[in-house]
1. Per residue, what volume in Å³ does the Cα convex hull of the chain take up?
2. Which is farthest toward the positive dipole end of the chain among Pro81, Gly21, Gly54, measuring Cα position about the Cα centre, with Cβ charges +1 (Lys, Arg) and -1 (Asp, Glu)?
3. What does the charge count near Gly50 come to, summing +1 for each Lys or Arg and -1 for each Asp or Glu among other residues with Cβ under 11 Å from its Cβ?
4. Which net charge results when you count Lys and Arg as +1 and Asp and Glu as -1 among the other residues whose beta-carbon is under 15 Å from that of Val90?
5. Could you go through the stretch 89-99 in sequence order and give the Karplus-derived ³J(HN,Hα) for each residue, using 6.51 cos²θ - 1.76 cosθ + 1.60 with θ = phi - 60°, rounded to whole Hz, and x for Gly and Pro?
6. In whole Å, what are the extents of the stretch 77-128 along the principal axes defined by its C-alpha atoms, from largest to smallest?
7. Amide H of Glu29 versus every other amide H placed in the peptide plane: which residues, excluding those fewer than 5 positions away on the same chain, fall under 5 Å?
8. What does the highest-first list of 28-40, 68-80 look like by mean Cβ count within 10 Å?
Amino acid sequence: KARRFASQFTTPVAYDGYLYGVDGSGGTEIVCYEITSGKEMWRDGIEIPGARLGRAGLLRIDGDFLCLGAQGTLLWLDLSPQGARILSRVQLFRAPETWGVPIVSRGLLYVNKNAFGPKLICYDLRSE
């Protein structure tokens with residue numbers, strides 16, 4: 001049983017015996033739990049200059065994790081039982097309440113931007 005794991009907006013990602021997710025009603029930390037024991041392996045507030053993680057969406061894509069923060073920050077993360085590492089970061093846009101989990105299909109990233117006029121935005125992640 002994971003006593004300190006309260007995922008509010010995003011379903012956690014199970015991978016290789018561990019559960020990774022965004023914890024809390026404000027969703028300010030990414031956490032890792034061992035599935036069989038419920039043992040918390042780590043939690044990380046993920047510092048984002050000029051923004052905050054907030055109620056982020058988390059996906060596992062191509063061997064790494066994609067995280068879309070509540071203010072439009074996109075992170076590629078290396079998550080393992082040993083900890084979290086930011087591989088790359090980009091500010092897609094500035095908008096609060098970007099709470100929907102992003103979708104990736106055929107190399108295209110679809111993001112639901114809620115504030116300042118709701119929009120569905122598509123980004124091409126395929127290499128040229």
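1. Values: hull volume 13.1 nm³, N = 128.
Convex hull of Cα atoms, per residue: 103 Å³.
2. Checking the options against the dipole of the chain, the answer is Gly54.
3. Residues close to Gly50 contribute a combined charge of +2.
4. Values: positive: Arg89, Arg94, Lys113; negative: Asp64, Asp124.
In short, +1.
5. So the Karplus estimates, Gly and Pro as x, are 8, 8, 8, 5, 6, 10, 7, x, 6, 8, 9 Hz.
6. So the three principal-axis extents are 39, 28, 16 Å.
7. Amide H neighbours of Glu29, under 5 Å, 5+ apart: Asp23.
8. Values: 28-40: 16.7, 68-80: 21.0.
Those peptides, ordered most packed to least, come out 68-80, 28-40.
Laboratory data are not the source of any read-out in this text; all were calculated from the coordinates shown. Just so it is clear, the model here is predicted, and its values are computed rather than measured. Here Cβ is always computed from backbone atoms with ideal geometry, including for glycine, and neighbour counts include all displayed protein chains.
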